[in-house]
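Reading through the structure tokens given below for one structure.
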Amino acid sequence: MEKTRQASSASSVVVIGAGIVGLCVAHELRKAGYQVSIIDPEEPGSQCSFGNAGAISAGSVAPLAMPGIMKSAAGMLFDVDSPLHVPWHYWLRAAPWLRRFVASATPQRVEQIASALQDLFAGALEHHQALAREIGCPKRVVQTGQLHLYRDTAALAKDAGSWRLRERHGVRIEQLDARGVRALEPAVSDVYRAGVFMPEQGAVTEPFLYAGAIAHAVRRQGVQFIRDSVRRVRRMPSSSPGGTWQVEGAQSSLQAEQLVIAAGIWSADLLRTLGLRVPLESQRGYHLHVTDPGVSISRPLVLADRKVFMVPMETGLRISGTVEFGGLSMPPSERRSELLGAAGREGLPGLRLDAASAWMGHRPCLPDSLPVLGPVPGHPGLWCAFGHGHLGVTGSINTARWIAQGMRGQFDMARFAPFSIARF
Ligand SMILES: Cc1cc2nc3c(=O)[nH]c(=O)nc-3n(C[C@H](O)[C@H](O)[C@H](O)COP(=O)(O)OP(=O)(O)OC[C@H]3O[C@@H](n4cnc5c(N)ncnc54)[C@H](O)[C@@H]3O)c2cc1C
């Protein structure tokens, strides 16, 4: 039976999606005094926010499409075992998105994107640490630094443009030789003889547990959770100036003054019900998680050649990465998991994978590596908070702060411009 819930005050907000982004948004809005409801058919944090690597990488300001992308990615695209794969049957679907992706790789555009990401990620680690303290799990966000590993200095030199870009945008990096790598992480294979250490980066010690802790805290603070899938959203005329947003679920109906779309990869479908289109594409990523890995590391390690993260977590060791196109319905590929395992063993000899659990999730990606954030022109009271791609844990915290401040009229709205839906 359909339940209709009426917003109780002019400051009511519905957040669609209880992933890391929606949860952080709900938390900031509640703190700012709004009546918040969050609607999701699934358990909070159980989709893309469940199985990520948990790295808080404020220094990752380089977009995925860098100048020269055609040359570096062309070989990978046709190799089924490369870190980036588009199955042949998906080429036609992916082509328009890939065209935009390549078009965003001009030097000038890359600088603009890096500046926007620098703004969005500023203080991400400190803000996540503050949130973790506030919700009673201070040890769940840690500053460990992040170590990127290369086979040799020649391999590192191929990424020089991306490291220079980060340095230009204020990111602290330290170049390491083989001894330096081993001094930081003795378990790393001697195949990797060069490294770049980013001391200011950090990590969440278990992404699903962190999301669960935020959900628990906001529930206690009075945020209402509704377990339902939204089918349609529309604006209804009402006595309040901007009208009222009507959120129609499979079993419920909600009304609120403001609406935030934070439904990850599924956000595009919801916006389509309003006639709005965004080029959101899933970059399917995988993890293998081992509770008893037999080796120990102290911080997120990135195997630069394999684009694989290896991250120590409170529940074990997680090996994650790879980018696979293929949309939402294609089943997960066992081969992708095997490749992760092989990369992990090469990076950390002695790694035990016998009881590894495998997972695949949908990174919500826009072709210019920027999420869609902020108010939607022509739709008063409608806000976007999706498309964080590879960096949703990192970007969630300032997304939430910006939106809460923006709703209260306490934010320089020009900072939303690079992220606006209007760019499409
Ligand atoms: C392998 C891998 C490794 C990663 N590593 C990192 C990392 O180290 N650091 C980092 O910063 N990021 C990382 N990411 C990216 C990060 O996980 C994502 O960007 C982030 O989880 C996206 O969060 P979200 O809240 O937007 O989406 P989600 O977590 O997917 O949440 C969206 C929610 O919306 C709900 N929803 C969907 N449709 C509806 C509907 N119709 N009605 C109501 N609710 C709906 C869903 O059920 C879901 O709960 C990684 C991703 C992957 C796949």
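The values are calculated or read from the model by the stated rules, or taken from the named source; none is laboratory data. Computed from a predicted structure; not experimentally measured. All Cβ positions, glycine included, derive from the backbone under ideal geometry; neighbour counts span all protein chains shown.
Within segment 409-424, residues that are under 15 Å from R109 (Cα atoms) have Cβ atoms under 7 Å from residues that are of a type in the set (F, W, Y) in no pair, counting only partners at least 6 apart in sequence or on another chain. When L254, L274 are screened for being among the hydrophobic types (A, V, I, L, M, F, W, C), crowded, with 23+ Cβ neighbours inside 10 Å, touching a strand residue (DSSP E or B) at 6+ places or on another chain (Cβ under 8 Å) and not assigned by TED's automatic domain parsing to the domain that holds V308, only L254 passes. Among the residues of segment 300-319, write down those that are within 28 Å of S72 (Cα to Cα) and either among the small types (G, A, S) or touching a residue at least 40 places away in the same chain (Cβ under 8 Å) (or both). Hits for segment 300-319 are P300, L301, V302, L303, A304, D305, R306, K307, V308, F309, V311, R318.
One residue alone among D305, D292 is out of contact with any helix residue (DSSP H, G or I) (no Cβ under 9 Å at 6 or more places or on another chain) and on the phi < 0 side of the Ramachandran plot, and that residue is D292.
Identify the residue in segment 313-338 that is of a type in the set (D, E) and more than 13 Å from S357 (Cα to Cα) and, among all such residues, is farthest from the chain's Cα centre (by Cα).
Ranking the qualifying residues of segment 313-338, first place goes to E314.
Quick one: would you say G361 is in the same structural domain as L303 (by TED's automatic domain parsing), farther than 30 Å from R182 by Cβ and buried (at least 20 other Cβ atoms within 10 Å of the Cβ)? When the stated conditions are applied, G361 passes them.
Pairs meeting the criteria (first residue in segment 126-140 and closer than 14 Å to T394 by Cα, second residue among the polar types (S, T, N, Q) and outside any loop (DSSP other than H, G, I, E, B), beta carbons under 7 Å, at least 6 apart or on different chains) are H127/N398.
Residue by residue, here is whether (1) touching a residue at least 24 places away in the same chain (Cβ under 8 Å); (2) buried (at least 17 other Cβ atoms within 10 Å of the Cβ); (3) aromatic (F, W, Y) holds:
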| residue | (1), (2), (3) |
| --- | --- |
| V15 | yes, yes, no |
| L29 | yes, yes, no |
| G45 | yes, yes, no |
| A58 | yes, yes, no |
| A73 | no, yes, no |
| F78 | no, no, yes |
| P83 | yes, yes, no |
| W91 | no, no, yes |
| P96 | yes, no, no |
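For a quick check of your reading of the model, give me the residue pairs whose first member lies in segment 209-237 and is assigned by TED's automatic domain parsing to the domain that holds V15, whose second is part of a helix (DSSP H, G or I) and acidic (D, E), with beta-carbon atoms closer than 9 Å and at least 6 apart or on different chains. From segment 209-237, the pairs are A217/E134. For P63, are the conditions met, namely being under 25 Å from Q143 (Cβ atoms), out of contact with any Lys or Arg (no Cβ under 7 Å at 6 or more places or on another chain) and in the same structural domain as R318 (by TED's automatic domain parsing)? Yes; evaluated as a whole, the condition is true for this residue.
Of the residues in segment 410-424, at least one is more than 14 Å from the ligand (Cβ to nearest atom) and at pLDDT below 95. For segment 382-399, check the following and say yes or no: at least one residue is in the same structural domain as I113 (by TED's automatic domain parsing), in contact with a Ser or Thr (Cβ under 7 Å, 6 or more places away or on another chain) and within 11 Å of the ligand (Cβ to nearest atom). Within segment 382-399 (the criterion being in the same structural domain as I113 (by TED's automatic domain parsing), in contact with a Ser or Thr (Cβ under 7 Å, 6 or more places away or on another chain) and within 11 Å of the ligand (Cβ to nearest atom)), the answer is no, since none of the residues qualifies. When segment 255-305 is filtered for residues that are within 13 Å of the ligand (Cβ to nearest atom) and of a type in the set (K, R), the ones remaining, listed by number, are R272, R284, R299. Annotation note: Cβ proximity below 6 Å between a residue of segment 265-278 that is within 9 Å of R232 (Cα to Cα) and a residue that is among the basic types (K, R) (sequence gap 6+ or interchain) occurs for T273/R232. For the criterion of being among the hydroxyl-bearing types (S, T, Y), crowded, with 21+ Cβ neighbours inside 10 Å and part of a helix (DSSP H, G or I), S267 passes.
Do we find a residue being outside any loop (DSSP other than H, G, I, E, B) and closer than 24 Å to G75 by Cα anywhere in segment 288-298? No, because not a single residue in segment 288-298 is outside any loop (DSSP other than H, G, I, E, B) and closer than 24 Å to G75 by Cα. All conditions but one from (1) within 30 Å of R99 (Cα to Cα); (2) of a type in the set (D, E); (3) in contact with a helix residue (DSSP H, G or I) (Cβ under 8 Å, 6 or more places away or on another chain) apply to E334; the one that does not is (3).
The set of residues in segment 166-213 that are surrounded by fewer than 16 Cβ atoms within 10 Å (Cβ to Cβ) and out of contact with any Asp or Glu (no Cβ under 9 Å at 6 or more places or on another chain) comprises E167, G170, E174, Q175, D177, R179, A183, P186, D190.
Taken over segment 368-397, residues that are touching a Lys or Arg at 6+ places or on another chain (Cβ under 9 Å), surrounded by fewer than 24 Cβ atoms within 10 Å (Cβ to Cβ) and assigned to a loop (DSSP other than H, G, I, E, B) amount to 4. Every test in (1) within 13 Å of the ligand (Cβ to nearest atom); (2) surrounded by fewer than 21 Cβ atoms within 10 Å (Cβ to Cβ); (3) not assigned by TED's automatic domain parsing to the domain that holds V36 is passed by T322 save one, and that test is (2).
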